[in-house]
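The values are calculated or read from the model by the stated rules, or taken from the named source; none is laboratory data. All values reported here derive from a predicted model rather than from experimental measurement. All Cβ positions, even for glycine, are placed from backbone atoms using ideal geometry, and neighbour counts span all protein chains on display.
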Amino acid sequence: MSARTIAVVGATGAVGEEIRSILLERQVEADHWVFLASARSAGRSIDHGEQTIEVRDLASPNAFDGVNIALFSAGGSRSLEYAPKAVEAGALVVDNSSAFRSDPDVPLVVAEVNADALDTRPVKGIVANPNCTTMAVMLPMKALHDAFGLTEMVCSTYQAAGGAGQSGIDELHAQVDVLIHHRDALRHDGVDAIGQVTPEVFMSPLAYNVVPMLGNMQDNGYTDEELKLLFESRKILGIPALKVAPTCVRVPVVSGHAISVRATFAAPVTREAALEAMSGFDGMVLDEFATPLAYAGGDPVAVGRVRQDLFDDHTLNLWVVGDNLRKGAALNAVQIAEALIERGHA
């Protein structure tokens, strides 16, 4: 077998760092590693296992020479510019941005749900990683769809500050540090409390608050973040007519997204039958009172508060939690790379 080279694009960013860590944890085999980032990070040395690797400039000539798999986590604009160059150089790309998710010729993969989409080599040489919120929901919905036939979802999300990157986490911490000294205003004069801080990452102060606006507003009143739940769920589960009513909300949590799901099925469903269908599903655990904090830094998606709907015997209500940085991004990207290797594509 010829030598395998794996590249991490955006290697010095938060997701890139997590990808590098998971590659080591899971002992993904490569003969050579290439770490790529923007010009300002080029030349930096990174310890990777027993090796020390110098970060290269993504824009440098021949950046992808000899690369078999390139794991991209450098933002949509860089993916659009450089992923085709990586493919042209002979690499398979696993992209963590939204750049290619809607392309019908690009598989959108959650490893435990639809890895069979990788049985044949991707025709464009690119595999897309879903949005972190969609990712968490897909595991329980796949198990339940196979058993009962999913037709509709109402998804209300509770998304962590970390979903906006390190800048979101920093803004939350900074606001807490200020507003902790304005406790009376937090209780009696919210307008005054809001005036104590200047949000830049989020639409409104996030500390001691929730912000019901996440993403860019579209003409129909939904945000692009909300519409990802619709279009990505349809593609991953293979249900073109799936109805999804999404509401995405930012909450003052550092890491970990949670989603309240009302799921409706073609067949009647009971709580007991649903728990049996989900039990033992790969990558998922049942935890009645799962919280984002309890699963921060963990791999599994947790599902709890499973209840039969009070009025509809075809409907369940449930609670889903997952670490947005790990399973929601880095872990699934590595799992896709593993699937490509297992199938002999790289």
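Annotations
- Residues in the range 145-194 that are exposed (fewer than 15 other Cβ atoms within 10 Å of the Cβ) and at pLDDT below 95: GLN166, SER167.
- Tally of residues being among the charged types (D, E, K, R), assigned to a loop (DSSP other than H, G, I, E, B) and more than 20 Å from ASN129 (Cα to Cα) across the range 1-52: 6
- Restricted to the range 61-78, and to residues there that are among the polar types (S, T, N, Q) and loosely packed, with under 11 Cβ neighbours inside 10 Å, the residue that is nearest to GLN335 (Cα to Cα) is SER77.
- The residues of the range 271-297 that are acidic (Asp, Glu) and over 18 Å from the mean Cα position of the chain (by Cα), listed by number, are GLU272, GLU276, ASP287, GLU288.
- Residue in the range 199-218 that is more than 26 Å from ASP146 (Cβ to Cβ), exposed (fewer than 14 other Cβ atoms within 10 Å of the Cβ), in contact with a Phe, Trp or Tyr (Cβ under 9 Å, 6 or more places away or on another chain) and at pLDDT 95 or above present: yes
Here's the yes/no breakdown for (1) of a type outside the set (Phe, Trp, Tyr); (2) more than 30 Å from ASP312 (Cβ to Cβ); (3) in contact with a Cys (Cβ under 6 Å, 6 or more places away or on another chain):
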{"residue": "THR120", "(1), (2), (3)": "yes, yes, no"}
{"residue": "ALA128", "(1), (2), (3)": "yes, yes, no"}
{"residue": "PRO140", "(1), (2), (3)": "yes, no, no"}
{"residue": "PHE148", "(1), (2), (3)": "no, no, no"}
{"residue": "GLU152", "(1), (2), (3)": "yes, no, no"}
{"residue": "ALA160", "(1), (2), (3)": "yes, yes, no"}
{"residue": "GLN166", "(1), (2), (3)": "yes, yes, no"}
{"residue": "ALA174", "(1), (2), (3)": "yes, yes, no"}
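- Scan the range 89-112 for residues that are surrounded by fewer than 24 Cβ atoms within 10 Å (Cβ to Cβ) and closer than 26 Å to GLU288 by Cβ and the total you get is 2.
- The residues of the range 302-319 that are part of a loop (DSSP other than H, G, I, E, B) and either touching a residue at least 40 places away in the same chain (Cβ under 8 Å) or aromatic (Phe, Trp, Tyr) (or both), listed by number, are ASP309, PHE311, ASP312, ASP313, HIS314.
- Residues being touching a Pro at 6+ places or on another chain (Cβ under 7 Å) and either among the small types (Gly, Ala, Ser) or surrounded by fewer than 17 Cβ atoms within 10 Å (Cβ to Cβ) (or both) - total across the range 228-246: 1
- Some residue of the range 303-313 being in contact with a Phe, Trp or Tyr (Cβ under 7 Å, 6 or more places away or on another chain), small (Gly, Ala, Ser), buried (at least 20 other Cβ atoms within 10 Å of the Cβ) and farther than 22 Å from ARG20 by Cβ: no
- Some residue of the range 294-301 being within 25 Å of GLU17 (Cβ to Cβ), free of Cβ contacts under 8 Å to residues at least 60 places away in the same chain, outside any helix (DSSP H, G or I) and of a type in the set (A, V, I, L, M): yes
- With respect to the conditions (1) free of Cβ contacts under 8 Å to residues at least 60 places away in the same chain; (2) in a loop (DSSP other than H, G, I, E, B); (3) out of contact with any Leu (no Cβ under 8 Å at 6 or more places or on another chain), ASN324 lacks only one, and its number is (1).
- The condition (being more than 16 Å from VAL154 (Cβ to Cβ) and either part of a strand (DSSP E or B) or basic (Lys, Arg) (or both)) is satisfied by just one residue among VAL244, VAL285, VAL254: VAL285.
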